[in-house]
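Here the structure is laid out as structure tokens; the discussion comes afterwards.
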Amino acid sequence: MTEQFVIYNPVKLHFGKQVVKKIGKAASAFGNKALLVYGKGSVKRNGAYDDTVDSLQKAGIDVVEYQGIKPNPIVDDVDKAAELGRKEGVDMVVAVGGGSVLDSAKYIAVTIPASNSCWDYATGKIKPAKALPILGVLTLAATGSEMNPLGVVQHDKEKKKIGYGHPLMFPKHSFLDPSYTISVPENHTAYGIVDLISHALEGWFGEGDASLTDRFIISIINEALKYGPRLMADPENYELRAKIMYAATMALNGLTNQGKKTGDWGVHAIGHAMSVLWDIPHGASLSIAFPAWLTLQQNRIPDRIEELGYATFNTNTVDDTIREMKNFFREIGSPVSLAEAGVKAGEEEQENLLEVMRINKVDGYVHALTDEDYKLLIREMI
Ligand code: NZQ
Ligand code: ZN
């Protein structure tokens with residue numbers, strides 16, 4: 001434990017059945033007009049939208065809506081929503097949906113009080129000075145966005161997808177009712193499980209000696225390895241939905257980074273490049289990239305990979321660990337190659353991926369990647 005570290009997480013997290021009934025009361029502390037942001041309509045079918053609007057209205061809060069946030073959210077939507085919020089003079093931003101909606105809400109909240117594009121924040125050109133309060137109703141277990149200050153947004157023309165975080169982007173309140181996640185389709189349920197495991201893994205391959213944090217990481221991965229497949233077999237089971245939702249929140253709320261200098265996050269950067277190019281869902285990009293990245297690292301950090309394998313898959317070798325991880329991802333229904341994700345990666349596609357990896361400077365904070373590494377990774381992923 002040689003690193004200095006700070007633990008700060010101001011999110012009030014409400015977990016369990018019907019917690020969203022409390023959103024109106026919580027929101028009334030911030031004013032009487034909310035910008036409600038959501039995606040392409042799933043929240044209207046699973047009750048999350050009605051329950052949220054009902055509670056807000058009962059608390060006397062006017063609701064202005066921005067709908068249509070797409071998975072792998074884009075700058076255009078965020079900027080348009082911020083413009084609407086500014087024009088309407090809203091007091092807060094309420095997100096109802098998955099990580100894409102919540103991430104968008106975070107950028108919207110810092111963009112409304114300014115007049116620039118959210119991309120200026122994502123690229124680090126300027127730092128947010130103010131933010132509207134953010135409240136989230138999460139309907140998909142995956143990203144951990146509900147309890148962190150991070151947001152990921154994509155700029156299609158620039159071919160970039162960037163993750164950025166600022167303390168002003170912590171939600172004030174997040175409402176997690178696992179019941180809403182019962183309607184998440186099979187593929188996105190699997191991608192969420194992959195995403196949460198990947199967040200823990202990025203911590204595992206980070207820098208800094210923090211043995212207790214390593215145990216948190218292993219516990220989170222083992223929770224997902226045990227209950228993920230059970231959930232895939234029994235998707236309407238509330239208890240299983242709840243276990244996975246809680247694990248996803250804990251995988252990226254600071255817990256898996258405590259005492260460490262940083263996580264690695266190289267695999268996420270590789271995944272983002274795939275999303276930019278082919279709009280591959282985030283979790284699916286990670287189940288393709290993680291085994292490939294481990295293969296690349298097998299002779300560089302064999303002990304760390306072996307230790308991981310021993311603690312999770314009960315394996316003794318690097319090869320077995322990579323094989324078991326691939327099997328797990330594939331068995332729950334997440335692709336482990338571009339081909340399995342439906343991308344026929346011929347020469348031209350591989351060139352394009354290389355270009356986007358270069359543009360996004362796909363690299364880990366700890367395990368740097370060279371141009372040769374990019375090429376090796378691509379060969380492993382096709
Ligand atoms: O658009 P709608 O109709 O809402 O449908 C969504 C979308 O098609 C659907 N969905 C969500 N909840 C549902 C549901 N369908 C049925 N029932 C429900 N209850 O699921 C699809 C995917 O939604 P999305 O929000 O894109 O998924 P996810 O939560 O995985 O978020 C992915 C985004 O988060 C970013 C990713 O890069 C990606 O852009 N990440 C954010 C992080 C963070 N803020 O900390 C960290 C992550 O590593 C990740 O990078
Ligand atoms: Zn992720």
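Structure values in brief
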item	result
Within the chain, helix-based [θ] at 222 nm, where runs of 4 or more DSSP H residues each add -39,500 (n - 2.57), nearest 500	-15000 deg cm²/dmol
Only Lys, Arg (+1) and Asp, Glu (-1) charged, at Cβ; the chain dipole about Cα centre in debye	1320
Taking region 138-273 and dividing mean pair separation by its residue count, relative contact order in percent (alpha carbons under 8 Å, at least six apart)	35
Approximate spin-label separation E88-D209, in nm, with each point projected 7 Å along Cα-to-Cβ	5.4
Solvent-accessible area per residue for the chain (1.4 angstrom probe, square angstrom)	42
Heavy atoms of V78 accessible to a 1.4 Å probe, total area in Å² rounded to 10	0
Solvent-accessible area, 1.4 Å probe, carbon plus sulfur percent, for region 186-381	46
Intensity falloff of the chain expressed as log10 I(q)/I(0), Debye formula with alpha-carbon point scatterers, at q = 0.09 Å⁻¹	-0.49
Cα-based helix-to-principal-axis angle, 302-312 vs the chain, degrees rounded to 10	60
Exposure of E236 as accessible area (Å², to 10), given a probe of 1.4 Å and all protein chains	140
Estimated inter-spin distance, K58 and H166, nm [label 7 Å along Cα→Cβ]	3.5
The chain: relative contact order as a whole-number percent, Cα under 8 Å and 6+ apart	16
Whole-Hz couplings from phi, Karplus 6.51/-1.76/1.60, listed for region 115-132; x for Gly and Pro	10, 8, 8, 4, 4, 4, 6, 4, 7, x, 5, 9, 9, x, 9, 9, 8, 6
Percent RCO, i.e. relative contact order, over region 186-381, from Cα pairs under 8 Å lying at least 6 residues apart	28
Cα centroid of region 255-277 to Cα centroid of region 355-382, whole Å	13
Solvent accessible area, Å² - I359, 1.4 Å probe, full protein context	50
Rough spin-label spacing in nm, given labels placed 7 Å along Cα→Cβ, for K125 and Q350	3.6
Lys, Arg +1 and Asp, Glu -1 on Cβ, resulting dipole of region 12-181 about Cα centre, debye, nearest 20	260
Tensor-based shape of region 186-381 (alpha-carbon gyration tensor, a/c under 1.5 rounded, otherwise prolate or oblate)	oblate
Additional length obtainable on full extension of the chain from R358 to Q4, 0.36 nm per residue less Cα span	124.2 nm
Gain upon complete extension [S219, T262; 0.36 nm per residue less C-alpha separation]	13.6 nm
Whether region 54-122 is rounded, prolate or oblate, judged on the alpha carbon gyration tensor where a/c under 1.5 counts as rounded	oblate
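The values are calculated or read from the model by the stated rules, or taken from the named source; none is laboratory data. On a predicted model such as this, the values are computed, not experimentally measured, just so you know. Ideal geometry is used to build each Cβ from the backbone, glycine not excepted, and the neighbour counts take in all protein chains shown. What goes into the accessible areas is simple: the full protein's heavy atoms, side chains included, and nothing from ligands, DNA or RNA. Shrake-Rupley method; radii C 1.70, N 1.55, O 1.52, S 1.80 Å.
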